[in-house]
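The values are calculated or read from the model by the stated rules, or taken from the named source; none is laboratory data. Nothing here was measured: the structure is a model prediction, and the numbers come from that model. Virtual Cβ from ideal backbone geometry, glycine too; neighbours counted across all protein chains shown. Accessible surface is based on the protein model in full, side chains and every heavy atom, while ligands, DNA and RNA are left aside. Shrake-Rupley method; radii C 1.70, N 1.55, O 1.52, S 1.80 Å.
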Amino acid sequence: MSTEAPVRIGILGLGRIGRVIAANLQAGGFSVATVERPNSRDFPATGGRLEADAARLAAASDVVVSCLASEAQMEQAFLGPDGIVAGAHDSLVVIEMGTFPIVLKRRLAEALAARGAAMLDCPISGTPPVVARREAMLFVSGDEAIVRRMSPVLAAISQKQTFVGAFGAGMATKLVTNFLVIVNTLAVAEAFVLGTESGLDPRQMIAAIGDSFGGSRVFDFRAPMMASRTYQPAPGPARIVWKDLQYIRDQSAALGLAGPLLETAMEWFKRMIDAGRGEDECAGVFEIVAAANKHK
């Protein structure tokens with residue numbers, strides 16, 4: 001596949017991540033379309049095109065990049081009467097980039113295969129600003145020949161990508177990655193409570209710990225939010241973390257694994273959701289841990 005011969009790309013889901021991916025693809029020279037919705041009516045002003053529904057988007061595209069937000073949206077957008085499967089053709093490739101149960105992705109991939117189309121499981125790891133810089137990590141899985149063919153499209157989305165194996169391995173890798181990020185965020189929050197209750201200045205903690213073995217990318221990213229107690233705008237909203245934790249729990253349970261840190265993370269982020277802070281950056285779990293200690 002080469003951008004010398006125009007490749008028509010459809011974006012399914014023009015939300016926080018989808019819009020940035022669309023911009024990256026346009027900057028890479030690709031023709032990009034999306035489904036007409038209230039939040040996409042400005043898309044032609046960026047040089048994009050609008051299609052009436054997902055079926056027409058699939059029919060008019062060589063590649064569809066799926067960036068939807070919920071399982072319900074996935075079911076409707078793929079399997080509905082005007083969905084992707086209804087408009088699929090034998091040269092269509094769907095690059096599915098969301099964080100969803102692999103059983104759902106497999107079911108949709110099978111429905112596409114019955115129409116001669118193919119799907120790659122390619123979850124993306126990164127916040128919108130990281131995606132915009134083409135620095136998000138793509139965990140690419142599926143048929144290797146199709147992956148090679150999609151290489152120019154994937155490269156336009158991000159310069160960081162790794163092939164992790166057969167279809168479904170991308171989602172498994174994403175769950176492991178998200179689990180590490182979530183547990184690290186909770187650890188930073190608890191450590192910050194320990195430090196502040198010990199009389200340490202939050203900014204001095206960041207300066208002292210950042211380059212030590214106690215530092216991490218998560219520490220560098222979220223410790224400043226905790227120090228300033230600023231959780232908006234929210235690159236990683238708690239409601240997304242809570243959704244991902246449930247997928248991680250389901251996968252862990254299906255494998256019969258013990259999950260002591262998983263259980264702890266679920267308890268404290270559930271407290272954040274119950275406190276009505278689902279739209280806050282997940283670094284705000286610091287406030288939940290701090291408040292629990294004040295009540296003792």
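Per-structure values
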read-out: Unmet criterion (only one of (1) assigned to a loop (DSSP other than H, G, I, E, B); (2) buried (at least 20 other Cβ atoms within 10 Å of the Cβ)) for A58; value: (1)
read-out: Some residue of segment 109-122 being of a type outside the set (F, W, Y), out of contact with any Leu (no Cβ under 9 Å at 6 or more places or on another chain), in contact (Cβ under 8 Å) with a residue 60 or more places away in the chain and in a helix (DSSP H, G or I); value: no
read-out: Filter pass, S31 being in contact (Cβ under 8 Å) with a residue 12 or more places away in the chain, farther than 26 Å from G236 by Cβ and in contact with a Pro (Cβ under 6 Å, 6 or more places away or on another chain); value: yes
read-out: Residue among A155, A187, A172 that is in a helix (DSSP H, G or I), in contact with a Gly (Cβ under 8 Å, 6 or more places away or on another chain) and not basic (K, R); value: A155
read-out: Number of the condition not met by E135 [criteria: (1) part of a helix (DSSP H, G or I); (2) under 25 Å from Y247 (Cα atoms); (3) open to solvent by 50 Å² or more (accessible area, probe 1.4 Å); (4) not β-branched (V, I, T)]; value: (1)
read-out: Selection status of F179, outside any helix (DSSP H, G or I), open to solvent by 20 Å² or more (accessible area, probe 1.4 Å) and either within 17 Å of E96 (Cα to Cα) or in contact (Cβ under 8 Å) with a residue 12 or more places away in the chain (or both); value: no
read-out: Odd one out for E4 among (1) loosely packed, with under 15 Cβ neighbours inside 10 Å; (2) modelled with pLDDT of 95 or more; (3) more than 20 Å from G80 (Cα to Cα); value: (2)
read-out: Tabulated pairs, segment 275-296, first without any contact (Cβ under 8 Å) to a residue 60 or more places away in the chain, second aliphatic (A, V, I, L, M) and assigned to a loop (DSSP other than H, G, I, E, B), C-beta under 6 angstrom, 6+ apart or interchain; value: D280/A234; E281/A234
read-out: Any hit, segment 76-94, residues being outside any helix (DSSP H, G or I), open to solvent by less than 70 Å² (accessible area, probe 1.4 Å), of a type outside the set (G, A, S) and closer than 18 Å to L138 by Cα; value: yes
